[in-house]
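Report on one structure; see the data block that follows.
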Amino acid sequence: MSNKVLAKGLAGALAASVALVPLMASAGDLVIESWRNDDIDIWNEKIIPAFNKAHPDIKVSFKPTPPTEYNASVNAKLAGGTAGDLITCRPFDASLELYKQGNLAALDDLKGMDNFSDVAKSAWQTDDGAVTFCLPMASVIHGFIYNKEAFKEVGVEVPKTREEFYAALDKIKEEGSYIPMAMGTADQWEAATMGFQNIGPNYWDGEAGRKALIDGSAKFTDAAYVDTFKELASWKNYLPDGYEAISYPDAQNLFSLGRAAVYPAGSWDISLFNNQADFEFGAFPPPAAAGANTCYISDHTDIALGLNADSKNAAEAKLFLEWMTGSEFAELYSNALPGFFSLSNHKVEVTDPVANEFVSWRQKCESTIRNSYQILSRGTPNLENDLWNLSAQVINGTLTPEEAAGAAEAGLAKWYAPHQ
Amino acid sequence: MAHSGPMTDWRKAKLPVIAFLAPATIIYTLFMIYPLLDSIRLSFYATPSGGEAAFVGLDNYRTILADPDWSSTFWNSFWNNMKFFAVHMLIQNPIGIALAGILSLPQLRFRNTYRTMMIMPTMLSVVIVGFIWQLILSPVWGVGADLLDIIGLKSLFGPWLGKEGSALITLSFISVWQWVGIPLMLIYAALLAIPDDLVDAAIVDGASHFEVFIHIKLPLVLPTVAMVSILTFVGNFNAFDLIYAVKGALAGPNFSTDIMGTLFYRTFFGYQLQLGNPHLGATVASLMFLIILAGVLFYLFAIQRRLARYQL
C-alpha cells in the first residue's frame with residue numbers, strides 16, 4: 001500500500017517539477033546569462049531600451065544568477081543545452097575552459113572588435129592570442145581615494161611621487177587626528193589586490209613585467225617584486241590599530257565615516273562612498289618613484305560577453321554584440337556604473353568626478369592587469385591564493401619581503417615549467 | 001501448532017513494518033547512502049583538461065597524502081581540526097556538565113530562565129554568531145576592548161581573530177559559546193532521570209551536593225557524556241560554517257584556521273582563480289569520512305563497551 005502511495009507521490013512530484021522547468025525562449029528572443037544581479041535595473045531600463053531603438057524587432061532579456069552560483073550554473077546549463085544566447089564571461093581560465101569545451105564561439109570576425117586594445121582582449125583570448133572568444137565590457141582601476149577635507153586640515157598636498165606619498169602619510173600620522181590609511185588584513189584579498197597589485201606595476205613596469213613573469217625571464221625573487229613587498233611592509237605603520245582583524249567593510253566604514261585620510265581603492269568603491277561619505281573625496285594613482293618617466297596603473301579586465309556556440313539566434317546575438325562595440329554602449333555602461341569602465345577605445349564622457357579622475361589615468365599612465373590572472377594561477381599551489389596569503393603576512397610582519405618573494409617563486413616553480 | 005501464533009502475527013505485521021520502514025529507508029538511501037557511495041566513487045576518477053573522467057585508482061589519495069603541497073595543507077587542516085575538537089572537549093563539555101549539575105540543584109530559582117538563556121545562542125544562525133563576535137572583538141568598533149578596560153585589563157586586548165597564534169582558539173571559543181547548550185540539555189535531561197531517593201539517601205548520610213554530584217550523579221550520566229563526546233567529535237570534524245562565515249574559504253591568516261571542511265570547500269568548489277576539482281574534493285571528503293569513521297569505531301569498541309550502566 002504505502003509503496004504504491006509513495007510511488008504515486010514520487011511520480012506526482014516528478015511531473016510537477018517537469019512542469020516547472022522554465023520554457024525555453026522562443027526563436028529570435030535573446031537571453032543574457034550574467035552574475036551581475038545588481039545591474040538588472042540598468043540593463044532593463046537603460047541598456048536594452050537603447051539597443052531596441054536601433055533594433056526594435058529583437059527582444060532581449062537579462063537573466064542574472066547570484067555571483068557565487070554563476071560559474072556552476074552556467075556550466076551546467078551549457079552542458080545541458082539550456083543556456084542563454086549571450087554568456088557573461090569571467091576573465092581568463094574560467095571562460096577559456098568554456099571555449100576549449102566548445103561552448104563559446106570565436107568572435108574575431110565580429111565587426112567593431114578593433115575598437116578594443118590587446119590588453120583589453122587579453123583576458124578572453126587563447127594563450128597564443130590567436131582567438132578572442134568574448135567581447136570585453138568593463139575593467140576596474142586601482143588607486144588611492146583620499147579625504148579632501150582631511151588633506152586640507154592636516155595641510156598635505158596630493159602626492160605626485162612615492163616619496164611625497166609617504167611624507168604625506170607620515171605627516172598625517174604625526175598630526176594624529178586621522179588614521180593615515182584605512183585597510184585591514186583580515187580578509188587577505190585587499191592586501192594583494194589593493195596593495196600588491198595596486199603599487200606593484202610601477203616596480204615591474206606594467207605589461208612588460210607581467211609578460212616577463214609568464215615567459216619565465218623574470219622571477220618573483222627579482223628586485224622589482226621584493227621592493228613591492230618592501231613598500232607593502234611599510235604600510236603597517238599607517239594602518240589602524242589591530243589591522244590584523246579589520247575586514248574589508250570595516251575599512252570602507254573607517255573611510256566613509258571620515259576617520260581615515262587615505263583608502264587603497266578599487267574603482268568599484270566609488271558608488272559606496274558616493275552614498276555614504278558626507279565629505280568631498282578625490283583620487284590619485286599609485287605614485288611612482290621620483291624621476292620615473294612612466295607611471296603604470298592596474299586597469300583590470302573584469303567582465304565580458306560571449307556568444308553561446310549552440311545559440312539558435314546567433315545572427316541576432318551578433319547584432320547585439322556589434323552594437324555593444326559602439327560608443328553608445330560604452331557611455332551608457334560607464335555612467336550607469338561609476339567605477340566600471342568600458343574597455344573600448346572610444347572617448348567616453350564619465351560624469352562622476354571621481355570615476356572620471358580614475359579613467360583619466362589611462363591617458364597619462366600605462367595600463368596593465370593583475371599579474372597572477374593570466375596562466376600563472378592554473379596550477380597547485382594557486383598563485384592568486386598564494387599572493388593573498390603572502391601579502392597579508394608581509395603587512396602583518398610574519399614574513400619578511402624576501403621570504404614572501406621566495407615563497408611566491410617556489411610555489412610557481414612547483415608546476416610552471418618556465419620557472420623551473 | 002505452538003509456532004503458528006507468532007508466524008501469523010509476523011505475516012500480519014509484515015505490511016505495516018515495511019510501510020513504516022520504507023519512507024526512512026528510501027529517503028536515507030537516496031539522500032545519504034547513495035551520495036556517500038557516489039562521492040567515494042568520484043574520488044577514484046580524474047578529469048584531464050578537456051577530456052572525459054577516467055578511472056585512476058588511488059592516485060587522488062596519493063596526491064593528497066604524498067604530494068608535499070597537498071599533504072602539508074591536509075595535515076595542517078587535520079591538526080587544526082584536532083585543536084578545534086580539543087577545545088570543545090576540554091571546555092565546552094565540562095562547562096555543559098557543570099551547568100547541567102547546577103541547573104538540577106533542587107533549591108535553584110529562575111531555573112527555566114537560565115535554561116532558556118543558555119540554549120539561546122544555539123538557536124542563532126552561525127552567520128549571525130560569526131558577525132556578532134567579529135563586531136564584539138573588532139579593534140575598531142568592538143565592545144571587547146571597553147569591557148576589558150572596565151576591569152583594568154585593556155592591555156591584554158588584541159586583534160585576536162587576525163593573529164596566527166590566536167585566531168583558531170578564538171574561533172573555537174566562539175563555537176563553544178554557541179553550542180554549549182547542546183551538552184547542557186542532554187546531560188540535564190539525564191540528570192533529571194536520576195531518582196530523588198538516591199540523592200536523598202546520600203544527603204541523609206551526610207554527603208554535600210558536590211559529593212552527590214561527583215559520586216552519584218556523574219557516574220550515572222557517563223553514558224550520556226560519552227554520547228555527547230561522540231556527537232562533538234562528528235560535529236567538529238564536519239564543521240565548516242563558522243570558519244567560512246568569519247575567515248572565508250582561505251581560512252587565514254596563513255591557513256591557521258583552515259579545518260577539513262574549509263579545505264574540502266576550496267578543493268571541491270574552487271576559490272577565486274583556483275578552479276574547483278570535484279575528484280580531489282571527493283577525495284578530501286572521503287578522507288574526512290574515514291577519519292570520522294575511525295573515531296566513531298574507536299568510541300564504539302574502546303569506550304562504549306566499557307561503560308558501566310546502572311538500572312535505575
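Only one of A:176, A:206, A:195 is at pLDDT below 95 and crowded, with 24+ Cβ neighbours inside 10 Å; which? Only one candidate qualifies: A:206. Pairs meeting the criteria (first residue in the stretch B:135-155 and within 14 Å of chain A (Cβ to nearest Cβ), second residue loosely packed, with under 15 Cβ neighbours inside 10 Å and assigned to a loop (DSSP other than H, G, I, E, B), beta carbons under 6 Å, at least 6 apart or on different chains) are B:136/B:143; B:139/A:241. Of all residues in the stretch A:33-53, those that are free of Cβ contacts under 8 Å to residues at least 12 places away in the same chain have Cβ atoms under 8 Å from Cβ atoms of residues that are in a loop (DSSP other than H, G, I, E, B), 6 or more apart or on another chain, in A:52/A:58. As for the stretch B:115-126, it holds at least one residue that is modelled with pLDDT under 95 and assigned to a loop (DSSP other than H, G, I, E, B).
When each of A:304, A:315, A:355 is tested for being more than 14 Å from chain B (Cβ to nearest Cβ), free of Cβ contacts under 8 Å to residues at least 40 places away in the same chain and either surrounded by 21 or more Cβ atoms within 10 Å (Cβ to Cβ) or closer than 23 Å to residue A:29 by Cβ (or both), the lone residue that passes is A:315.
Of the helices (runs of 4 or more DSSP H) contained entirely in the stretch B:210-280, those carrying at least 1 residues that are among the charged types (D, E, K, R) and under 21 Å from the mean Cα position of the chain (by Cα) fall at B:241-247, B:260-269. Going by what's in this entry, would residue B:266 be described as basic (Lys, Arg), within 10 Å of chain A (Cβ to nearest Cβ) and free of Cβ contacts under 8 Å to residues at least 60 places away in the same chain? Judged against the criteria, residue B:266 is a match.
For (1) surrounded by fewer than 16 Cβ atoms within 10 Å (Cβ to Cβ); (2) polar (S, T, N, Q); (3) outside the structural domain of residue A:236 (by TED's automatic domain parsing), each residue gets a yes or a no:
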| position | (1), (2), (3) |
| --- | --- |
| A:113 | no, no, yes |
| A:118 | yes, no, yes |
| A:121 | no, no, yes |
| A:125 | no, yes, yes |
| A:168 | no, no, no |
| A:172 | no, no, no |
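When residue A:381 is tested against (1) out of contact with any helix residue (DSSP H, G or I) (no Cβ under 6 Å at 6 or more places or on another chain); (2) farther than 29 Å from residue A:294 by Cβ; (3) part of a loop (DSSP other than H, G, I, E, B), only condition (1) is not met.
All told, residue A:60 falls short of being crowded, with 17+ Cβ neighbours inside 10 Å, part of a loop (DSSP other than H, G, I, E, B) and modelled with pLDDT of 90 or more. Residue pairs whose Cβ atoms lie under 7 Å apart, separated by 6 or more positions or on different chains, with the first residue in the stretch A:364-392 and at negative phi and at the interface with another protein chain (Cβ under 9 Å from one of its Cβ atoms) and the second among the β-branched types (Val, Ile, Thr) and assigned to a loop (DSSP other than H, G, I, E, B), are A:392/A:185.
Kindly indicate whether any position in the stretch A:318-335 is within 18 Å of the chain's Cα centre (by Cα) and either touching a residue at least 24 places away in the same chain (Cβ under 8 Å) or closer than 15 Å to residue A:220 by Cα (or both).
yes
The rows are residues; the columns are (1) outside the structural domain of residue A:267 (by TED's automatic domain parsing); (2) in contact with a strand residue (DSSP E or B) (Cβ under 6 Å, 6 or more places away or on another chain); (3) at pLDDT below 95.
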position: A:329; (1), (2), (3): yes, no, yes
position: A:346; (1), (2), (3): yes, no, yes
position: A:377; (1), (2), (3): no, no, yes
position: A:380; (1), (2), (3): no, no, yes
position: A:390; (1), (2), (3): no, no, no
position: A:394; (1), (2), (3): no, no, no
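Tell me yes or no: at least one residue of the stretch A:138-145 is more than 14 Å from chain B (Cβ to nearest Cβ) and assigned to a helix (DSSP H, G or I). Within the stretch A:138-145, not a single residue is more than 14 Å from chain B (Cβ to nearest Cβ) and assigned to a helix (DSSP H, G or I). Every listed requirement among (1) more than 14 Å from chain B (Cβ to nearest Cβ); (2) crowded, with 20+ Cβ neighbours inside 10 Å; (3) part of a helix (DSSP H, G or I); (4) within 24 Å of the chain's Cα centre (by Cα) is met by residue A:255 save one, (1). I need a count of the residues in the stretch A:295-316 that are under 23 Å from residue A:71 (Cα atoms), of a type in the set (A, V, I, L, M, F, W, C) and touching a Gly at 6+ places or on another chain (Cβ under 9 Å). Of the residues in the stretch A:295-316, 1 are under 23 Å from residue A:71 (Cα atoms), of a type in the set (A, V, I, L, M, F, W, C) and touching a Gly at 6+ places or on another chain (Cβ under 9 Å). Could you say whether any residue in the stretch A:88-106 is away from chain B (no Cβ under 14 Å) and either within 19 Å of the chain's Cα centre (by Cα) or under 17 Å from residue A:301 (Cβ atoms) (or both)? Among the residues of the stretch A:88-106, at least one is away from chain B (no Cβ under 14 Å) and either within 19 Å of the chain's Cα centre (by Cα) or under 17 Å from residue A:301 (Cβ atoms) (or both), which makes the answer yes.
Before we move on, is residue B:236 closer than 30 Å to residue A:248 by Cα, in contact with a His (Cβ under 7 Å, 6 or more places away or on another chain) and not hydrophobic (A, V, I, L, M, F, W, C)?
Details: closer than 30 Å to residue A:248 by Cα: yes; in contact with a His (Cβ under 7 Å, 6 or more places away or on another chain): yes; not hydrophobic (A, V, I, L, M, F, W, C): yes.
When the stated conditions are applied, residue B:236 passes them.
Just wondering, is there one or more residues in the stretch B:210-225 that are out of contact with any strand residue (DSSP E or B) (no Cβ under 8 Å at 6 or more places or on another chain), more than 23 Å from residue B:296 (Cα to Cα) and hydroxyl-bearing (Ser, Thr, Tyr)? No, every residue in the stretch B:210-225 fails to be out of contact with any strand residue (DSSP E or B) (no Cβ under 8 Å at 6 or more places or on another chain), more than 23 Å from residue B:296 (Cα to Cα) and hydroxyl-bearing (Ser, Thr, Tyr).
Within the stretch A:258-298, the set of residues being surrounded by fewer than 22 Cβ atoms within 10 Å (Cβ to Cβ) and of a type in the set (S, T, N, Q) comprises A:271, A:274, A:275, A:276, A:293, A:294.
The values are calculated or read from the model by the stated rules, or taken from the named source; none is laboratory data. Model, not experiment: these values are computed from the prediction. Ideal geometry is used to build each Cβ from the backbone, glycine not excepted, and the neighbour counts take in all protein chains shown.
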